[in-house]
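Everything below concerns the one structure shown next.
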Amino acid sequence: MSYKLLFVCLGNICRSPAAENIMRYKIEQVGLSEPIVCDSAGTSSYHIGSPPDSRMSAAALQKLQIKLRGKARQFQKSDFENFDLILAMDRDNYEDILHLDPTGKYHQKVHLICDFCSRHNLKEVPDPYYGGAEGFNLVIDLLVDACEGLLKYLSR
Ligand code: 4NP
């Protein structure tokens, strides 16, 4: 059985698809023996069916030479059962996810992704949607740091 990771942001077109694809890239780089499945979702319904934002894709291509794949979907309650670890990009995402689990049964599966960073001190991945290219570049830097930490955590 494979271990399953779900990355979650608001729209599922910028931060969480970048996280999903960066994590997959990092897993390929180290060649893990155990399979790890990566997926992503948004807490909102705003962009259901959309591909990753072109500005996010451009930043991933420029900084890491990777293409972002995916199609936005909304987080759903069944994701609590279907995934082992749910990684929220910011505190709003974290709270919105926990709201869907009123009994707290899955609370321990949900984490802020920046808790896995070791080189950055930011506690959230800032929403880049209404800003410029530097915001998208920061998302990539934070997610590389977090995904490397996540990989170390999973390798133990
Ligand atoms: P994401 O970015 O949550 O990283 O995918 C956003 C995408 C869309 C919107 C906000 C943030 N929006 O308001 O439409």
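To the nearest 20 debye, what charge dipole does the chain have about its Cα centre, counting +1 at the Cβ of each Lys and Arg and -1 at the Cβ of each Asp and Glu?
My answer is approximately 360 debye.
If R0 is 41 Å, what FRET efficiency do you get for Asp84 and Tyr130 from their C-beta distance, rounded to 0.05?
Calculated value: 0.80.
Would you calculate the volume per residue, in Å³, of the smallest convex hull containing every Cα atom of segment 66-112?
99 Å³
Sorted by accessible area (1.4 Å probe), largest first, how do Val30, Val144 line up?
Largest accessible area first, the list is Val30, Val144.
What dipole magnitude, in Debye to the nearest 20, does segment 86-139 give about its Cα centre under +1 on Lys/Arg Cβ and -1 on Asp/Glu Cβ?
So the magnitude is around 260 debye.
Taking 28 Å as the cut-off for C-alpha to C-alpha distance, list the pairs among Lys67/Lys123; Lys4/Lys105; Lys63/Lys109; Lys26/Lys71 that go past it.
As for pairs spanning more than 28 Å Cα to Cα, those are Lys63/Lys109.
Mind giving me the nanometre distance, one decimal, between the label points for Lys123 and Arg69, set 7 Å out from Cα along Cα→Cβ?
Those two pseudo-labels are separated by 3.6 nm.
At 222 nm, what value in deg cm²/dmol follows for the chain if DSSP H runs of at least 4 each add -39500 (n - 2.57) and the sum is divided by all its residues, to the nearest 500?
After summing the helix terms and dividing by residue count, I get -13000 deg cm²/dmol.
Taking every pair of distinct Cα atoms and averaging 1/r, then inverting, what Kirkwood hydrodynamic radius in Å comes out for segment 52-156?
15.0 Å
Counting only chymotrypsin sites (Phe, Trp or Tyr not before Pro) that sit in a DSSP loop (anything but H, G, I, E, B) with at most 14 other Cβ atoms within 10 Å, what is the longest stretch of the chain containing none of them?
Between exposed loop sites, the widest span is 47-129.
Only Lys, Arg, Asp and Glu count, each charged at its Cβ (+1, +1, -1, -1), so figure out the dipole size of segment 64-156 about its Cα centre, rounded to 20 debye.
380 debye
Could you provide, to the nearest whole Å², the per residue accessible area of the chain with probe 1.4 Å?
Heavy-atom SASA per residue in the chain reads 52 Å².
Pull out the extension gain between Ser33 and Met1, defined as 0.36 nm times the separation in residues minus the alpha carbon to alpha carbon distance; nm, one decimal.
Net length gain for the segment: 10.3 nm.
What does the charge add up to near Asp145, with Lys and Arg as +1, Asp and Glu as -1, over the other residues with Cβ less than 15 Å from its Cβ?
+2
What does a probe at Leu100 reach in segment 19-45, counting residues whose amide N is under 15 Å from the point 7 Å along Cα→Cβ?
Those under the cut-off are 39-45.
The values are calculated or read from the model by the stated rules, or taken from the named source; none is laboratory data. Everything quoted here is computed from the prediction, not taken from an experiment. Reconstructed Cβ throughout: ideal geometry from the backbone, glycine too, with neighbour counts over all protein chains shown. Accessible surface is based on the protein model in full, side chains and every heavy atom, while ligands, DNA and RNA are left aside. Shrake-Rupley method; radii C 1.70, N 1.55, O 1.52, S 1.80 Å.
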